[in-house]
């Protein structure tokens with residue numbers, strides 16, 4: 001046999017052996033190279049024991065890929081955060097920087113009010129900037145991957161990243177308090193809930209977005225015959241931007257009521273709630289919509305461990321391809337499902353479990369979620385999540 005053929009054969013066998021050995025190694029793999037940023041509220045560690053010492057807040061960064069085990073690092077005490085608020089965070093489009101908000105709450109009245117900017121590519125997950133802002137609710141990245149929207153006490157501020165620093169583009173005051181928002185995939189529409197005065201009725205509103213300017217359009221109407229608002233919360237646009245999935249019940253478990261999920265049609269001249277999926281859960285924390293737009297997964301709090309020891313929560317899967325949308329099934333998960341995101345290719349779902357201090361991983365097969373036996377261990381009290389590209393220099 002010629003030497004070059006023999007060499008080629010040996011090389012091919014070596015590559016095949018390496019690939020087979022790698023495939024045989026158990027653990028979590030992803031087809032894409034991804035980064036997960038997870039914020040962990042250490043205060044929840046003391047929820048069931050008020051005399052317990054508070055665990056420091058932390059952040060966990062996880063790098064995933066097809067050819068290596070998860071690379072996980074948790075850093076305590078550098079990034080304050082609170083479980084109060086929608087369980088969504090933001091990263092720049094290139095995966096270089098992450099943003100975590102912190103705000104006061106009844107459970108943590110001494111929490112600082114600020115936005116932390118984290119260099120996700122640094123070995124020590126360095127905080128490169130903090131921006132003080134009264135009651136920042138959450139961080140939402142514009143589809144351009146550069147501009148950041150922050151709803152806060154009196155409006156919505158738009159920032160832009162320049163040389164690793166947030167700079168203010170526009171402050172957009174509102175005449176009502178905005179609690180949480182989402183921006184459409186095209187970046188031209190914003191949806192948010194809000195109330196005129198604290199403790200007042202929460203309703204949902206549509207805005208336009210252009211060049212950092214957010215302009216009010218209208219309050220969402222509800223089609224006659226559907227239920228009224230009862231705490232709309234943590235809504236998200238579908239991938240085509242035509243609809244918004246709106247959990248109801250204001251993210252509170254143990255209310256003794258099975259709350260519905262609303263579907264709003266944003267193709268109408270005045271966006272309107274045209275569908276509802278009844279009796280989904282007792283408290284709905286958030287929603288993750290599959291990249292195909294065919295279905296959504298709701299994180300259902302149910303009975304809190306503060307009420308029932310070792311209570312279980314659920315995930316609910318909603319079929320968005322049917323008219324009207326319908327509930328397909330529930331899955332048991334440990335308490336409490338907070339941050340939740342699909343991989344960009346839609347093959348996996350990652351679910352943060354607050355009281356279990358880990359992220360559960362599900363493989364996606366059509367409408368079916370199949371849980372992996374492996375988990376991702378994060379800091380204490382995971383409460384919000386962002387997923388995106390893995391930064392490469």
Quiz prompt | Candidate set from the stretch 300-319 (those that are at pLDDT below 95 and outside any loop (DSSP other than H, G, I, E, B)); member that is farthest from residue 248 (Cα to Cα) | solution = 312
Quiz item: Limited to the stretch 376-392, what total is found for residues that are more than 20 Å from residue 143 (Cα to Cα), part of a strand (DSSP E or B) and out of contact with any helix residue (DSSP H, G or I) (no Cβ under 8 Å at 6 or more places or on another chain)?
Solution: 2
Quiz item: Got at least one residue in the stretch 237-253 being modelled with pLDDT under 95, over 27 Å from residue 387 (Cα atoms) and part of a loop (DSSP other than H, G, I, E, B)?
Solution: no
Quiz item: Residue check, residue 363 against (1) assigned to a strand (DSSP E or B); (2) over 19 Å from the mean Cα position of the chain (by Cα); (3) surrounded by fewer than 16 Cβ atoms within 10 Å (Cβ to Cβ), all met but one. Which one?
Solution: (2)
Quiz item: Could you count how many residues in the stretch 174-191 are assigned to a strand (DSSP E or B) and modelled with pLDDT of 95 or more?
Solution: 6
Quiz prompt | Verdict on residue 344 being in a loop (DSSP other than H, G, I, E, B), modelled with pLDDT of 95 or more, in contact with a strand residue (DSSP E or B) (Cβ under 7 Å, 6 or more places away or on another chain) and surrounded by fewer than 22 Cβ atoms within 10 Å (Cβ to Cβ) | solution = no
Exercise. Being out of contact with any strand residue (DSSP E or B) (no Cβ under 6 Å at 6 or more places or on another chain) and outside any strand (DSSP E or B) is the filter; apply it to the stretch 143-173 and report the residue that is surrounded by the fewest Cβ atoms within 10 Å (Cβ to Cβ).
Key: 163
Practice problem: Please verify whether the stretch 257-274 includes one or more residues that are closer than 21 Å to residue 139 by Cα and out of contact with any helix residue (DSSP H, G or I) (no Cβ under 6 Å at 6 or more places or on another chain). | Solution: no
Quiz prompt | Pairs with Cβ under 7 Å, 6+ apart, first in the stretch 147-161 and under 16 Å from residue 210 (Cβ atoms), second part of a strand (DSSP E or B) and at pLDDT below 95 | solution = 156/178
Practice problem: Inspect all residues belonging to the stretch 196-218 and state whether any of them is more than 20 Å from residue 152 (Cα to Cα) and outside any loop (DSSP other than H, G, I, E, B). | Solution: no
Exercise. Please tell me if residue 331 is modelled with pLDDT of 95 or more and under 21 Å from residue 244 (Cβ atoms).
Key: no
Quiz item: Which residues, counting only those in the stretch 109-132, are assigned to a loop (DSSP other than H, G, I, E, B) and buried (at least 22 other Cβ atoms within 10 Å of the Cβ)?
Solution: 120
Practice problem: Among the candidates 322, 292, single out the residue that is surrounded by fewer than 17 Cβ atoms within 10 Å (Cβ to Cβ), in contact (Cβ under 8 Å) with a residue 12 or more places away in the chain, more than 13 Å from the chain's Cα centre (by Cα) and not in a strand (DSSP E or B). | Solution: 292
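The values are calculated or read from the model by the stated rules, or taken from the named source; none is laboratory data. Not measured: the values here are computed from a predicted model. Cβ coordinates were reconstructed from backbone atoms using ideal geometry, including for glycine residues, and neighbour counts include every protein chain displayed.
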